[in-house]
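As structure tokens, the structure follows; a few thoughts come after it.
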Amino acid sequence: MKSHNARKWRNRIASLLALGCVLVALVPLVSILIEVVSRGAPAIDWAFLTERTKSAGTPDSGIGNAILGSILLVGWGSLIGLPLGILTGVYVSEYGDNSFGRTARFFNDVLANFPSIVIGLFAYSLIVTVVGFSLISGAFALGIIMIPIVANTTEEALRMVPNSLREASLALGVPRWKTVLKVIISNGRSGLVTGALLAIARVAGETAPLILTSFGNSFWETGLTEPVAALPLVIFRNAMSPYADLQEQAWGAALILITMVLSLNVIVRLITRKRFKVAKAVKKTWKERLSLSG
Amino acid sequence: MRLTGKLGSGRKSRASFEDKLFKYTTMGVAAFVLALLWGLVVKLLFDAQMSIETFGFEFLTSDIWNPNKDLYTALPFIFGTLMTAAVGIGIGVPISIGIAIYLSELAPAWIREPLSFLIELLAAVPSVIYGLWAIYTLRPILTGTVEPALMDVLGWTPLFEGASFGIDKLAAGIILAVMIIPTVASVSKESMMAVPDSQREAALSLGATKYESTRMAVLSYARSGIFGAAILGLGRAVGETMAVTMTIGNANLISWSLLDPGQTMASVIANNWGEADGLMLSALVEIGVVLFIVALVINVFARLMLGRLMKAVPMTGGGL
């Protein structure tokens with residue numbers, strides 16, 4: 001048996017090591033934020049946000065077309081991914097207590113952690129081989145990536161709706177489908193919103209599938225079957241460029257992208273915290289009403 | 001108790017048709033998503049057929065990648081993937097376990113939530129921004145201090161031979177370590193928090209220090225969860241594309257030295273996509289199929305090990 005003092009010291013050192021691990025992990029986060037802001041902020045002005053990308057050395061080059069392209073990609077991707085994801089989540093939560101439901105849940109978990117470049121290959125194989133590098137193929141890839149995220153958060157949100165609400169609605173003679181749509185989904189609404197926001201934050205930064213599908217473009221292009229620009233692609237292509245003005249553009253685009261992604265995450269955080277508070281408040285008012293009527 | 005389909009199905013009413021319609025619509029969507037994915041796997045295999053027929057099994061065991069002779073095999077990329085993932089896991093998992101221990105056992109209650117959120121934010125940073133940061137910030141640190149120091153101390157081993165460029169397998173591995181930390185730390189933390197307090201109390205009441213109780217009671221109890229978390233991190237590291245593509249140097253060679261550039265399965269696809277066609281394109285798709293299988297095996301294994309703990313994975317993954 002070691003002496004008491006030695007054990008105490010060992011305990012102290014181990015605690016410090018664990019704290020050290022946390023600090024080590026926070027160093028890259030802080031450094032990335034500082035670098036992106038300090039290098040990206042000087043790049044941003046009105047022309048940068050509104051002009052299209054031009055070749056190195058041209059004045060008034062911007063990333064307006066990439067911002068538009070990213071919005072289009074995420075928008076079309078959401079049109080594909082959100083409905084499919086939400087309906088999958090509804091099925092798994094409300095009807096999924098069987099082997100098919102468990103299979104669907106299993107593969108949702110697996111897919112949520114799947115390499116996105118493989119999803120990009122799928123989209124390439126299915127769409128790009130037919131119509132060429134295009135907005136629709138990029139949106140398809142992003143939509144597929146969104147499905148498991150949205151399905152998982154939807155399922156979690158609907159599970160948190162208390163069973164008493166389901167039973168109350170059914171007892172009033174409301175059919176099951178109406179119960180799901182009107183009672184359960186509207187109660188789990190904030191959960192669905194957070195899921196959608198998380199999925200959007202996730203795919204807004206996706207780069208690898210876009211290299212394989214939407215490819216990038218330096219013009220204002222909005223056609224579904226045309227290659228389209230995107231913020232992550234600008235960052236990727238310009239980061240390795242030898243020209244200082246293109247590198248600065250990459251940092252400016254990174255600042256815009258990271259601001260968007262991190263603020264979505266913070267919003268989700270705020271909604272989730274509020275939801276717990278609301279849930280508590282609802283319980284309280286119900287109790288009060290019951291005691292009043294009783 | 002969960003409601004089952006049996007409720008209300010005993011008697012026929014007008015509502016039952018709509019009920020069935022709604023149920024089978026949602027079920028159809030869930031089935032469609034599954035079928036779509038498996039259908040696409042078949043399509044990918046079909047696209048890779050030319051390469052599979054040309055190179056056969058040698059695709060996985062030979063190291064030639066020569067567009068001039070139209071010869072493409074995958075061993076250098078499988079090697080690069082394993083090597084960078086090993087560095088990422090080797091650095092990332094111990095740090096993650098430390099973080100998980102701090103967050104679940106040591107931290108004061110008020111700081112746990114915000115600190116967990118900050119760690120999870122690491123998963124929200126898009127991969128391409130990690131790459132950008134690695135090129136401009138990490139690289140000077142590596143070439144200036146870290147790599148010369150490693151060469152001084154460990155230069156005699158085959159792992160640290162050669163010159164210091166800062167764009168190499170070591171850089172890619174370090175970036176991977178940072179990127180897997182949020183996943184591994186969150187899942188490990190969740191599995192440690194699932195350890196019943198009675199375990200900790202039993203150890204503490206025998207006079208154990210916090211360190212001893214954590215090691216004896218918590219870590220041994222949460223071992224399988226931590227292992228599953230590490231496997232999940234491995235899955236991340238294997239499939240990560242952008243940050244690796246930007247840091248690994250993109251050289252199609254097999255070299256044990258971490259200071260030499262390399263190429264992973266994901267990065268070779270991303271790098272060669274625009275200009276590939278014919279047999280090369282087919283070979284890239286086959287590499288994608290190999291990556292798919294590897295990722296599938298790893299993630300299925302992790303899911304089986306972790307079960308519902310899988311929900312602790314930060315959903316904010318920043319675009320791999």
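The values are calculated or read from the model by the stated rules, or taken from the named source; none is laboratory data. Keep in mind it's a predicted model, so treat the numbers as computed, not measured. Quick reminder, even Gly has a Cβ in these numbers, built from the backbone with ideal geometry, and neighbours come from all protein chains shown.
Enumerate the helices (runs of 4 or more DSSP H) found wholly within the stretch B:58-159, keeping only those where 2 or more residues are surrounded by 22 or more Cβ atoms within 10 Å (Cβ to Cβ) and without any contact (Cβ under 8 Å) to a residue 12 or more places away in the chain. Let's see the steps before the verdict.
Working: elements: B:75-101, B:109-124, B:127-133, B:147-154.
No helices (runs of 4 or more DSSP H) qualify here.
How many residues does the stretch A:166-201 contain that are buried (at least 19 other Cβ atoms within 10 Å of the Cβ), polar (S, T, N, Q) and either closer than 28 Å to A:V74 by Cα or in contact with a strand residue (DSSP E or B) (Cβ under 9 Å, 6 or more places away or on another chain) (or both)?
Matching residues across the stretch A:166-201 total 1.
Of A:N108, A:N163, which residue is surrounded by 23 or more Cβ atoms within 10 Å (Cβ to Cβ) and modelled with pLDDT under 90?
A:N108
Take A:G143 and tell me if it is within 23 Å of B:M27 (Cβ to Cβ) and touching a residue at least 40 places away in the same chain (Cβ under 8 Å).
yes
Would it be correct to say that A:L158 is away from chain B (no Cβ under 12 Å) and crowded, with 20+ Cβ neighbours inside 10 Å?
no
Quick one: would you say B:E53 is out of contact with any strand residue (DSSP E or B) (no Cβ under 6 Å at 6 or more places or on another chain) and surrounded by 16 or more Cβ atoms within 10 Å (Cβ to Cβ)?
The answer is no for B:E53.
Can you pull out every residue in the stretch B:258-276 that is touching a Ser or Thr at 6+ places or on another chain (Cβ under 7 Å), crowded, with 20+ Cβ neighbours inside 10 Å and either in a helix (DSSP H, G or I) or without any contact (Cβ under 8 Å) to a residue 12 or more places away in the chain (or both)?
Scanning the stretch B:258-276 gives B:M265, B:A266, B:S267, B:A270.
Which of (1) touching a Phe, Trp or Tyr at 6+ places or on another chain (Cβ under 8 Å); (2) part of a loop (DSSP other than H, G, I, E, B) does A:V174 not meet, given it meets every other one?
All conditions pass for A:V174, except number (1).
Condition check ((1) touching a Ser or Thr at 6+ places or on another chain (Cβ under 9 Å); (2) farther than 30 Å from B:W256 by Cβ; (3) more than 8 Å from chain A (Cβ to nearest Cβ)) across all residues:
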{"residue": "B:K43", "(1), (2), (3)": "yes, yes, no"}
{"residue": "B:F55", "(1), (2), (3)": "yes, no, yes"}
{"residue": "B:N68", "(1), (2), (3)": "no, no, yes"}
{"residue": "B:L118", "(1), (2), (3)": "no, yes, no"}
{"residue": "B:S127", "(1), (2), (3)": "yes, no, no"}
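Could you please find all residues in the stretch B:204-232 being within 10 Å of another protein chain (Cβ to nearest Cβ) and crowded, with 23+ Cβ neighbours inside 10 Å?
B:T214, B:L232
Please enumerate the residues belonging to the stretch A:206-245 that are more than 8 Å from chain B (Cβ to nearest Cβ), under 16 Å from A:I67 (Cα atoms) and outside any loop (DSSP other than H, G, I, E, B).
A:L210, A:V228, A:L231, A:L233, A:V234, A:R237, A:N238, listed by residue number.
Working only within the stretch B:227-265, note down all residues that are closer than 21 Å to A:I145 by Cβ and of a type in the set (D, E).
Passing the criteria: only B:E240.
Need the failing condition index for B:E201 against (1) within 21 Å of B:D260 (Cβ to Cβ); (2) assigned to a helix (DSSP H, G or I); (3) without any contact (Cβ under 8 Å) to a residue 12 or more places away in the chain; (4) not small (G, A, S), just the number.
Answer for B:E201: the failing condition is (1).
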